[in-house]
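**Q** This is the structure I have questions about; it appears just below.
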Amino acid sequence: VIRLPRAGACAAPADPAVYDRPVIGIVTHPGDGAAGRIDNGTSTSYIGASYVKFVEAGGARVIPLIYNEPDERLLEKLSLVNGVLFTGGSVKRGPYFETIKKVFQYVLDKNDAGVPFPLFAQCLGFELVSMIVSKV
Ligand SMILES: *[C@@H]1O[C@H](CO)[C@@H](O)[C@H](O)[C@H]1NC(C)=O
């Protein structure tokens, strides 16, 4: 049985000025996402569009968590989202991994405090979570 959304389940909020659906933070991945064809700069990062579409298909909105932005901005953004997504990719060390560790700790702290705060970790993202948990 495939259950489709009920009529009205995805209706716009009564007050269009209020957005009451979840907002999900996606941690950007280092690089331009195009093997350097667009930008080789180390300050460049990206989110594959499929991750944004995946989250939006679930009715949520996305804000990017830029992997190398200052901690205070990262923490401010985390305080504004309902959950986080770690994408696939290739980078397993350096500032990116450090940011993933911080965000993962934030997820643990929220849940330990009794505040449901989901994390979806795809492919590399799941590997990084495994590395953090197993302390590799
Ligand atoms: C990035 O580096 C690669 C490999 O050196 C090069 O082929 C490519 O043109 C560079 N991209 C840009 C935008 O400069």
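Every number in this text was worked out from the coordinates using simple rules, so none of it is lab data. What you see is a predicted model, and the numbers here were worked out from it, not measured in a lab. Cβ placement follows ideal geometry from the backbone for every residue including glycine, while neighbour counts extend to all protein chains displayed.
**Q** Whose amide H sits under 5 Å from the amide H of F86, counting only residues 5 or more places off or on another chain, with H placed in the peptide plane?
**A** Counting only residues 5 or more places away or on other chains, the set is F120, A121, Q122.
**Q** Now for a different question. Could you name the aspartates and glutamates whose alpha carbon sits less than 15 Å from that of K92, not counting residues in the same chain fewer than 8 places away?
**A** In chain and number order, the partners are E127.
**Q** Between R61 and residues 5 or more places away or on another chain, which pairs have amide H atoms under 5 Å apart, with H built 1.01 Å from N, and which residues are they?
**A** V23, I24
**Q** Within the chain, what's the longest run with no trypsin sites (Lys or Arg not before Pro) in a DSSP loop and at most 12 other beta-carbon atoms within 10 Å? Give the range, please. Provide the component values of the computation, followed by the final result.
**A** Values: sites that count: R3, R6, R37, R93, K135.
That would be 38-92.
**Q** HN-Hα J couplings of the stretch 59-65 from phi, Karplus 6.51/-1.76/1.60, θ = phi - 60°, integer Hz, Gly and Pro as x?
**A** x, 9, 10, 10, 10, x, 9
**Q** Which whole-Hz couplings ³J(HN,Hα) result when phi for each residue of the stretch 16-27 is put into the Karplus expression 6.51 cos²θ - 1.76 cosθ + 1.60, θ = phi - 60°, listed in order with x for Gly and Pro?
**A** x, 6, 10, 9, 10, 9, x, 10, 10, x, 10, 6
**Q** Same structure again: Convert each backbone phi in the stretch 95-112 into a coupling constant with the Karplus relation 6.51 cos²θ - 1.76 cosθ + 1.60 (shift: θ = phi - 60°), then list the ³J(HN,Hα) values in order as whole Hz, x for Gly and Pro.
**A** Working through the residues one at a time gives x, 4, 4, 4, 5, 4, 4, 4, 5, 4, 4, 4, 4, 4, 4, 4, 5, 4 Hz.
**Q** If one puts a single equal scatterer on every Cα of the chain and applies the Debye formula without solvent, what log₁₀ I(q)/I(0) results at q = 0.09, 0.15, 0.22 Å⁻¹?
**A** Computed log10 I(q)/I(0) values: -0.30, -0.79, -1.40.
**Q** Which aspartates and glutamates, if any, have their Cα less than 13 Å from the Cα of K77, not counting same-chain residues under 8 positions apart?
**A** E69
**Q** Here's something else I'd like to know. I'd like to know which of V107, F97, L119 lies farthest towards the positive end of the charge dipole of the chain, counting +1 on Cβ of Lys and Arg and -1 on Cβ of Asp and Glu.
**A** Most positive-ward Cα: L119.
**Q** When the helix-only estimate is applied to the chain (DSSP H runs of n ≥ 4, each -39,500 (n - 2.57), divided by the residue count), what is the mean residue ellipticity at 222 nm, nearest 500 deg cm²/dmol?
**A** Details: 4 runs with 47 residues, N = 136.
It lands at -10500 deg cm²/dmol.
**Q** With contacts defined as alpha carbon pairs under 8 Å and 6 or more residues apart, what's the relative contact order of the stretch 70-136 in percent? Kindly include the intermediate steps, with their values, before the conclusion.
**A** On the way: 50 pairs, mean separation 30.0, N = 67.
Dividing the mean separation by the residue count of the stretch 70-136 yields 45 percent.
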